[in-house]
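K.L.:
Here you go, one structure.
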Amino acid sequence: MKRSSRLMRRRKQRKEQMLQELAEKKLEDKLGDRQLVPSVDENVQFIGKLLGDGSDVVTRFFTIQYTPDRRAAIMYIDGLVDVSLIDQFVLSPVMTEAEKLRTKTDLWEMVNESLIQTGEMRLTSKMKELVDGLLSGDTILLLDGESKGLIIGSKGWPMRSVEEPKTAAVVRGPREGFSETIRVNTALIRRRLRDPDLRMKSFKVGRRTRTDVVLCYIEGVSDPKLVEKVERRIRGIELDGVLESGYIEEFIQDDYWTPFPLIQNTERPDSAVSHLLEGKVVILVDGTPHALIAPAVFAQFYYSPEDYYERYMIASFLRFLRLFSLIIALLGPAFYIAFVSFHTEMLPSSLAIAMAAGRATVPFPSIVEALVMELSVEILREASVRLPGPIGPTIGIVGALVIGEASVTAGLVSPLMVIVVGLTTISSYANPSYNAAIALRLLRFPIMIVAAGFGLYGIVLCLMLLVHHLVKLESFGVPYMAPMAPLRWQELRDLLVRVPWTMMKKRPSIFRPRNRVREE
């Protein structure tokens, strides 16, 4: 055991070293350190050729009078900018109020201070920064005779409005959810967390997509070592494109060979803020409404934000229900197979007789019966997700009822098997976290197979292996089964039950917050 733990530590150290080397490695870029030249035509021609003379790249040449007459050009990508903003606050003042430039020797100073009427502007002489701004939805202004360009903030692409999250619905709580636009998401966090210590670090990930990624944390609360580790892993990502937060999650998690999620994702800004207040970090990725929360422990995937909005007795009762649902979702079919195949003597006589009568016409062993029904339900569940909204739930419910009733009538499965599968399916939906529920759905099948071969002994063996696997997992140095393993009595008050807020004055120590006191 000691040798295996040493090997694991060495592997993690090698992994961290590799990520550090990748983070320090400079990516070669097509633009290199190319600078702008004083010719506006040459600059425009170079940028157009670099972008393949795309039909969505709009170039507008014009003349600025009184400078003396000097050629200028603006460039933007149609669909990524607010065209009315460009017409009203960029082109109009530059073309109609240029007489202000008569007495100015520094042309860019006058353009910055008096002509361009937008809030975000940046002057640069680097071609790479200019192209990055153009591809990000900004407008660039180029002047003849000047080896600098002006990047003007003009982002205005179509976006989905803030809506209620589909995957984390609550009865009581906010109805706002993240959207696909990263600036909307940062604003939703800022709106709830009006703390000057809130930090947001931006990154560009993906050599081709140049996806915006923002790392959020509270300085003075989050562990600096955690922030540095997450930042290093993000910078070490070597990939052509990042299209969703799942790409980031898979690259920065500690262990790939586990069905359990080591990083939580959420669509709810209130949930993200609550984790920030515990000393964790939140990762936002442009183009997806799912934010990543790290580090994560096993228990938090079975919490709902509603647990902290309802009274503590109601929240504790709901947590017990979810725990009971977890056991049924994982072991329900396996217990059925074990009792039918090996341990009928452990059942009451009346129940054993009823089960035998129900299985009298079934031509298959219990394992085949359970596998066929479980696979049928999984197929129906996947089909209902892919079908259009109004049709999907109907097909899932009607399909399950029709298949179950027809199978019992035909004598292919027993009525009790249909009840077990239905209860297992409903229990799996009680999990607030979709990816944690999938892990249980995957593990259910090997446990069923082992139960068919060894009965209850096989189930106990699988549970021992499962617990051993969970105890070995870590998420950014935090034990996955904390606060149960290692055991921390003080933090059990927010595990199976939720005690009143007056008794939770300290933040969980397992996440190593710099400031543990909630109430100061």
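The values are calculated or read from the model by the stated rules, or taken from the named source; none is laboratory data. These numbers were taken from a predicted model, which means no experiment stands behind them. Note: ideal-geometry Cβ built from the backbone for every residue, glycine included; neighbour counts use all protein chains shown. Each accessible area value is taken on the protein alone, full model and side chains, heavy atoms only, with ligands, DNA and RNA left out. Shrake-Rupley method; radii C 1.70, N 1.55, O 1.52, S 1.80 Å.
K.L.:
Filter region 151-171 down to the residues that are part of a loop (DSSP other than H, G, I, E, B), among the aliphatic types (A, V, I, L, M) and over 18 Å from THR181 (Cβ atoms) and list them by number.
P.N.:
ALA168, ALA169, VAL170, VAL171
K.L.:
Name the pairs whose Cβ atoms lie under 7 Å apart, with the first residue in region 45-61 and closer than 21 Å to ILE86 by Cα, the second loosely packed, with under 14 Cβ neighbours inside 10 Å and among the acidic types (Asp, Glu), and 6 or more positions between them or separate chains?
P.N.:
Short answer, once both residue conditions are applied: ASP56/ASP78; VAL58/ASP78.
K.L.:
With respect to the numbered conditions (1) at pLDDT below 90; (2) open to solvent by 60 Å² or more (accessible area, probe 1.4 Å); (3) part of a loop (DSSP other than H, G, I, E, B), which one is the sole condition not fulfilled by ARG183?
P.N.:
Among (1) at pLDDT below 90; (2) open to solvent by 60 Å² or more (accessible area, probe 1.4 Å); (3) part of a loop (DSSP other than H, G, I, E, B), the lone unmet condition for ARG183 is (3).
K.L.:
Something else about it: Do we find that VAL478 is without any contact (Cβ under 8 Å) to a residue 24 or more places away in the chain, in contact with a Phe, Trp or Tyr (Cβ under 8 Å, 6 or more places away or on another chain), of a type outside the set (S, T, N, Q) and closer than 18 Å to PRO261 by Cβ in this structure?
P.N.:
No, not satisfied.
K.L.:
Residue by residue through region 17-72, note down the ones that are loosely packed, with under 15 Cβ neighbours inside 10 Å, modelled with pLDDT under 65 and not in a helix (DSSP H, G or I).
P.N.:
Scanning region 17-72 gives LYS25, LYS26, LEU27, GLU28, ASP29, LYS30, TYR66, PRO68.
K.L.:
Here is a further query. Which condition number in (1) open to solvent by less than 10 Å² (accessible area, probe 1.4 Å); (2) closer than 30 Å to PRO269 by Cβ; (3) not hydrophobic (A, V, I, L, M, F, W, C) is the one that ARG319 fails?
P.N.:
The number of the failed condition is (1).
K.L.:
Could you grab the pairs with beta carbons closer than 8 Å, sequence gap of 6+ or different chains, first residue in region 407-423 and without any contact (Cβ under 8 Å) to a residue 60 or more places away in the chain, second one open to solvent by 60 Å² or more (accessible area, probe 1.4 Å) and assigned to a helix (DSSP H, G or I)?
P.N.:
Every condition considered, the pairs that remain are VAL408/PRO415; LEU412/VAL372; VAL413/VAL372.
K.L.:
Quick check on region 310-323. Is at least one of its residues more than 25 Å from SER427 (Cα to Cα), outside any helix (DSSP H, G or I) and touching a residue at least 40 places away in the same chain (Cβ under 8 Å)?
P.N.:
Within region 310-323, not a single residue is more than 25 Å from SER427 (Cα to Cα), outside any helix (DSSP H, G or I) and touching a residue at least 40 places away in the same chain (Cβ under 8 Å).
K.L.:
Out of all the residues in region 151-177, which are over 30 Å from PHE89 (Cα atoms) and buried (at least 16 other Cβ atoms within 10 Å of the Cβ)?
P.N.:
PRO165, ALA168, VAL170, GLY173, PRO174, GLU176, GLY177
K.L.:
To continue, here is another question. Please give the helices (runs of 4 or more DSSP H) falling wholly within region 391-473 in which 1 or more residues are touching a Cys at 6+ places or on another chain (Cβ under 6 Å) and either surrounded by 16 or more Cβ atoms within 10 Å (Cβ to Cβ) or at pLDDT 85 or above (or both).
P.N.:
Hits in region 391-473: 434-454.
K.L.:
Do we find a residue being touching a residue at least 40 places away in the same chain (Cβ under 8 Å), in a strand (DSSP E or B) and not hydrophobic (A, V, I, L, M, F, W, C) anywhere in region 141-150?
P.N.:
Yes - at least one qualifying residue is present in region 141-150.
K.L.:
State whether the residues of region 495-506 include one that is charged (D, E, K, R) and without any contact (Cβ under 8 Å) to a residue 24 or more places away in the chain.
P.N.:
yes
K.L.:
Of everything in region 77-129 that's modelled with pLDDT of 70 or more, assigned to a loop (DSSP other than H, G, I, E, B) and hydroxyl-bearing (Ser, Thr, Tyr), which residue is farthest from GLY48 (Cα to Cα)?
P.N.:
Across region 77-129, the extreme among qualifying residues is THR118.
K.L.:
Taking the options SER202, SER222, name whichever one is without any contact (Cβ under 8 Å) to a residue 24 or more places away in the chain, small (Gly, Ala, Ser) and in contact with a strand residue (DSSP E or B) (Cβ under 7 Å, 6 or more places away or on another chain).
P.N.:
Being without any contact (Cβ under 8 Å) to a residue 24 or more places away in the chain, small (Gly, Ala, Ser) and in contact with a strand residue (DSSP E or B) (Cβ under 7 Å, 6 or more places away or on another chain) holds for just one of SER202, SER222, which is SER202.
K.L.:
Restricted to region 235-270, and to residues that are over 14 Å from the mean Cα position of the chain (by Cα) and in a helix (DSSP H, G or I), which residue is surrounded by the fewest Cβ atoms within 10 Å (Cβ to Cβ)?
P.N.:
Ranking the qualifying residues of region 235-270, first place goes to ARG235.
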